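Q: Let me begin by handing over the structure; questions about it come next.
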Amino acid sequence: MSLKERMETNEAKEVYKQRAATAECVNALARLRGLLQFRVRGLGKAL
């Protein structure tokens, strides 16, 4: 089954709705506060 076929299922649509309500909101809030991109990886280095 291809990615496109999997994303068309009702289960995938529900998961995507949940992601949009949580993860994307956090990313948008971070951008509004001026956080665009980290130049390092990992929490320790980012702090």
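Q: Of all residues in the stretch 1-30, how many are of a type outside the set (A, V, I, L, M) and more than 13 Å from the chain's Cα centre (by Cα)? Before you say what the answer is, go through the steps one by one.
A: Taking the stretch 1-30 and keeping what is of a type outside the set (A, V, I, L, M), we get 2, 4-6, 8-11, 13-14, 16-19, 22, 24-25, 27.
Pick out the ones that are also more than 13 Å from the chain's Cα centre (by Cα) and you get 2, 4-6, 8-11, 13-14.
Final tally of qualifying residues: 10.
Q: Quickly run through the stretch 4-39 and pick out the residues that are hydrophobic (A, V, I, L, M, F, W, C), at pLDDT 85 or above and in contact with a helix residue (DSSP H, G or I) (Cβ under 9 Å, 6 or more places away or on another chain).
A: Within the stretch 4-39, M7, A12 qualify.
The values are calculated or read from the model by the stated rules, or taken from the named source; none is laboratory data. As the structure is a computational prediction, the values presented were derived from the model and not from experiment. Counting neighbours? That spans all protein chains shown, and the Cβs are built from the backbone with ideal geometry, glycine included.
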